[in-house]
Amino acid sequence: MENIDKLDDAALFRLGGATLTVGGLVSALIILAIATALSWGVTRAIRRVRERSRRSPQGLYLLEKLASYAILITGLMMALSAAGLNLSSLAVFAGAIGIGIGLGLQGVVKEFVSGIFLIFDRMLSVGDYVEMEDGGIRGAIMEIGPRATRIRTNDNVNVIIPNSHLIEGAVTNWTLKGDTRRIHIPFGVAYGADRAAVRDAVLEAARASPFTLPETEARKSQVWLTGFGDSSLNFELLVWPTQDAVKRPAAMHAAYTWAIAEALDQAGIEIPFPQTDLRIRSLFGREDEDALSALGLSGHAAPRAAPPSEPARAPSVNDAAADLLKPPEPAEEPETKPERKRD
């Protein structure tokens, strides 16, 4: 007992009018360890509930972050008090720390405050599919941390973006409020094609796609004639896809483009390619065979035989459509250290 009392009374140094002892520092370290373990346990429990919940994952994410920060800050204050520091007497020391933060750690503080704003603002939430206007990064928000936000692309690439970039820069949220979006799929057909047949074939293919939402009065699939190209009539398919398809824009565009190509082939509508037709209507006042005779080409131009009709072929495999029909990947489980076996 006397040794313990001597250990507790052993003064290390004085700070702000308070005397720091070995026993006080040991108590502070124990409190910090308990606070860290408690924060980890509470965060893990709330995360499991959030991953299983389908109603309000963003509210649970906010609770998870606030609980973690509150436990750690409370534990830090209790540890300082247990160490023997009088917080009210550290005003000068705290002022010096504040100046140091303002000069050297302003970037860290900026990102931390930006992360708090992202969590409370709720314009960007965990699970949303976003696109950065600066850089063209597209992916789902997986985590909003104290310094940066982690975005996972559809190629399973994790991109770390500072929180302030999401606040100061332009960001497109494709799944804000859990809604879908109308997309435009451009395509072209050869001049002379029946426009009504083009519209009917493409609309039938779009409506038959499993990732197209059922039509309503306000949301209908449409085909627009948008312009006259050098070698084609330019069209656009306007369609309302499912929310899961919106989160995979590249595969979605590829799947609809493939379906359009299949529909045009089945309808016998020609897909154009760059070409130039030269037609001589008259030569020295002569036309047709008389013009060819004047050039000495009479009888050399044989009529072109019609190409043999090809048998109807089965529809090909649309890999992009199959990719869109795959179920979404489950949320990632946090890495945990293996528990030690107790004797």
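Spin-label model, Arg181/Ile34: points 7 Å from Cα along the beta carbon direction are separated by 5.0 nm. Of the solvent-accessible surface of region 98-229, computed with a 1.4 Å probe and all protein chains present, 56% belongs to carbon and sulfur.
Extending 7 Å from Cα along the Cβ direction at Leu72 and again at Arg44 yields two label points whose distance is 1.7 nm. Does anything in region 122-143 have its amide N under 16 Å from the 7 Å Cα→Cβ label point of Asn156, and if so which residues? Residues 140 qualify, since their backbone N sits under 16 Å from the label point. The label point for Leu63 and the one for Val26, both projected 7 Å from the Cα toward the Cβ, are 3.9 nm apart. Extension gain for the segment Arg52 to Leu213, taken as residue separation times 0.36 nm less the Cα-Cα distance, is 55.4 nm to one decimal. In plain terms, the chain from Glu270 to Asn173 could stretch by 31.2 nm, reckoned as 0.36 nm per residue minus the Cα-Cα distance. Compactness check for region 125-260: Cα Rg over 2.2 N^0.38 Å is 1.26.
The values are calculated or read from the model by the stated rules, or taken from the named source; none is laboratory data. Not measured: the values here are computed from a predicted model. So basically every Cβ, Gly included, is an ideal-geometry build from the backbone, and we count neighbours across all protein chains shown. Accessible surface is based on the protein model in full, side chains and every heavy atom, while ligands, DNA and RNA are left aside. Shrake-Rupley method; radii C 1.70, N 1.55, O 1.52, S 1.80 Å.
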